[in-house]
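Since the structure comes first, as structure tokens, the remarks are kept for the end.
What follows is calculated from the coordinates using simple rules that are stated; it is not laboratory data. Since this is a predicted model, take the numbers as computed values, not measurements. Ideal geometry is used to build each Cβ from the backbone, glycine not excepted, and the neighbour counts take in all protein chains shown.
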Amino acid sequence: MAVRIIYFAWVREKIGRPEESIELPAHVRTVADLISYLKSCGAEYQNAFQRDDLVRVAVDQIHVKPTTEIVDAREVAFFPPVTGG
Amino acid sequence: MAVRIIYFAWVREKIGRPEESIELPAHVRTVADLISYLKSCGAEYQNAFQRDDLVRVAVDQIHVKPTTEIVDAREVAFFPPVTGG
Amino acid sequence: MAVRIDTVDFNIANEIKKLTANRSDIGAIVTFTGTVRGATKSGPLASMTLEHYPGMTERELSTIELEAKKRWPLTECAIVHRVGTLLPGENIVLVITASTHRHAAFEAAEFLMDYLKTRAPFWKKETLRDGTAAWVDAREVDETAIARWQTT
Amino acid sequence: MAVRIDTVDFNIANEIKKLTANRSDIGAIVTFTGTVRGATKSGPLASMTLEHYPGMTERELSTIELEAKKRWPLTECAIVHRVGTLLPGENIVLVITASTHRHAAFEAAEFLMDYLKTRAPFWKKETLRDGTAAWVDAREVDETAIARWQTT
């Protein structure tokens, strides 16, 4: 299943692109699984997720925790804690 | 000594004029004395000060209590509790 | 610091501009606008007439502003209060506070309004659509609102 | 209810007019405006660039507004947030709340700002006058500010 992955702010800058479509391996079931999988895909992901406690995630535009399942997700976004207002 | 007495809102309407200059008798030393004295001066004052707990007072444009001395006052104002804003 | 009593309406954007033009040290601006409501306990309102005590009003508002500036780190604040006869929906009062911190700006604006409502010598008279007119009674709740600032 | 993301500036007086034109049931209007400060911890600012998550932003702001309307008797509220590159002194965000009660309008505006700062997907990048650029860190104090609404 292909999922749209979106990056914002310094997560985007470290990964080097604003978004991509990724075919998820069957063992990737949660947000935490996805982060582990991405870290195995290259240095830019290892760099972006080096301190994964600093990275926030939204699944289908809703704030979620690392334990959230993503098997039915269309869109997963990674970003730093928000700083608007 | 002549003091300028000013009235606002329904106090003004009950007394029938916005202000007047009054020569204070020597025994009038406090706000409370002044109210008693005015009440002896006519029905309009008795009407306005009938419930003197509803009347507020300022001496020289500063909120004061009935016990405040007015022997050196230039201006005494009587009015209902404020309702601005 | 700025205090103004006016018979004509104010424009909030212009009033803010007066305080903040060419400044970049602010960060947070809070405004409160009080407007004339068309419904009263006694029936629909035709107009509201505001009377004040010239001289004392400016003195009280300046004292209230000074007190706010003592309590919170405000870069600017302003109060504009209208007098005369106003129609339903019209602006009555404007309070502006500016600070580097949003909580300071919020608290100071609320403080200014609470004090203004219990200290500043303004009186409102309501004229209803049926022609009857009555002075507005002071509200107990405004005295309660001000009490909280006296314990801090 | 109104939520808008915009690259151009807003005029507070016009935004209030949109919410309150031809209405006489309001009484109290509170606005909060956030502006770009010219000084940062690291030195003087050249510009601030705001990025957001289109789609999720509107969804989060609408959720926050709905929550405010559930908690307080608001007649109206609105949020305008700018994105793109802004200069020191420029407006970033506007929150407007309207109610018959001033305390409701004040509290709701503060609530909206506290939630917006911790939930709405915006990110700020500061470019200093010396040419260096850095993403702004989330502030611990904003998390503390939001906590108080969760106990009420």
Review point. Got the B:MET1 label distances to the other copies yet, label 7 Å along Cα→Cβ, in nm, shortest first?
Key: 8.9
**Study point:** Formal net charge of residues neighbouring D:ASN22 (Cβ-Cβ distance under 13 Å; K, R +1; D, E -1)
**Key:** 0
**Study point:** Formal net charge of residues neighbouring D:VAL3 (Cβ-Cβ distance under 11 Å; K, R +1; D, E -1)
**Key:** -2
Check your understanding: How many partner chain Cβ atoms sit within 10 Å of a residue's Cβ in peptide D:30-42, on average, as a whole number?
Key -> 6
Practice item. Starting from a label point 7 Å past Cα on the Cβ side, list the distances from C:ASP137 to the same position in the other copies, nm, shortest first. Key: 5.6
Practice item. Choose one of B:ILE35, B:ILE62, B:GLN46: the residue whose Cα lies farthest towards the positive end of the charge dipole of chain B (beta-carbon charges +1 Lys, Arg; -1 Asp, Glu; about the Cα centre). Key: B:GLN46
Check your understanding: Ordered by residue, what ³J(HN,Hα) values in Hz, to whole numbers, does region D:77-83 give under the Karplus form 6.51 cos²θ - 1.76 cosθ + 1.60, where θ = phi - 60° and Gly and Pro are x?
Key -> 8, 8, 10, 10, 10, 8, 10
Revision key, fill the gap. Going residue by residue through region A:55-68, the Karplus relation 6.51 cos²θ - 1.76 cosθ + 1.60 with θ = phi - 60° gives ³J(HN,Hα) values, rounded to whole Hz and with x marking Gly or Pro, of 9, 9, 9, 10, 10, 6, 6, 10, 4, 9, 9, x, 7, 5
Check your understanding: With θ set to phi - 60° and the Karplus curve 6.51 cos²θ - 1.76 cosθ + 1.60, what are the ³J(HN,Hα) couplings of region D:39-51 in order, to the nearest whole Hz, using x for Gly and Pro?
Key -> 10, 10, 4, 9, x, x, 8, 8, 7, 10, 10, 10, 10
**Study point:** Mean Cβ count within 10 Å, highest first, over the residues of peptides C:91-104, D:76-89, A:47-60
**Key:** C:91-104, D:76-89, A:47-60
Exercise for review: Mind putting a number on the dipole of chain A about its Cα centre? Charges go on the C-beta only, +1 for Lys and Arg and -1 for Asp and Glu, and I need it in Debye to the nearest 20.
Suggested key: 180
Review point. Considering amide H positions built from the backbone, and no H for Pro or chain starts, which residues 5 or more places from C:GLY55, or on another chain, come under 5 Å of its amide H?
Key: none
Review point. If we count every other residue with Cβ under 11 angstrom of C:ALA13's Cβ, Lys/Arg +1 and Asp/Glu -1, where does the sum land?
Key: 0
Practice item. Can you tell me the FRET efficiency between C:ALA21 and C:THR127 if r is taken as the Cβ-Cβ distance and R0 is 45 Å, rounded to the nearest 0.05? Key: 0.70
Study note, to complete from the structure: at A:ASN47 the sorted inter-copy label distances (label 7 Å from Cα on Cβ side), in nanometres, are 8.7
Review point. Amide H to amide H, which residues 5 or more places from D:ARG37 or on other chains are under 5 Å from it, using H placed in the peptide plane?
Key: D:GLY89
Practice item. Against the globular-protein guess of 2.2 N^0.38 Å, express the Cα radius of gyration of the protein assembly as shown as a ratio, rounded to two decimals. Key: 1.24
Exercise for review: Please report, in debye to the nearest 20, how large the charge dipole of chain C is about its Cα centre when each Lys and Arg carries +1 at its beta carbon and each Asp and Glu carries -1 there.
Suggested key: 180
**Study point:** Projected-area mean, chain A, by convex hull of Cα positions, square nanometres
**Key:** 5.2
Point to revise | Amide H within-cut-off set for A:VAL82, under 5 Å, with H built and near neighbours excluded | key: none
Check your understanding: Lysine pairs, Cα distance under 19 Å, 8 or more residues apart or cross-chain: how many in region C:2-147?
Key -> 5
**Study point:** Spherically averaged projected area of region D:2-147 from its Cα convex hull (nm²)
**Key:** 8.8
Review point. When the helix-only estimate is applied to the protein assembly as shown (DSSP H runs of n ≥ 4, each -39,500 (n - 2.57), divided by the residue count), what is the mean residue ellipticity at 222 nm, nearest 500 deg cm²/dmol?
Key: -9500 deg cm²/dmol
Point to revise | Of D:THR35, C:ALA120, C:ILE12, farthest towards positive along the dipole that unit charges on Lys, Arg, Asp, Glu beta carbons give the protein assembly as shown | key: C:ILE12
Review point. What is the dipole size for the protein assembly as shown, taken about its Cα centre, with +1 at each Lys and Arg Cβ and -1 at each Asp and Glu Cβ, in debye to the nearest 20?
Key: 100
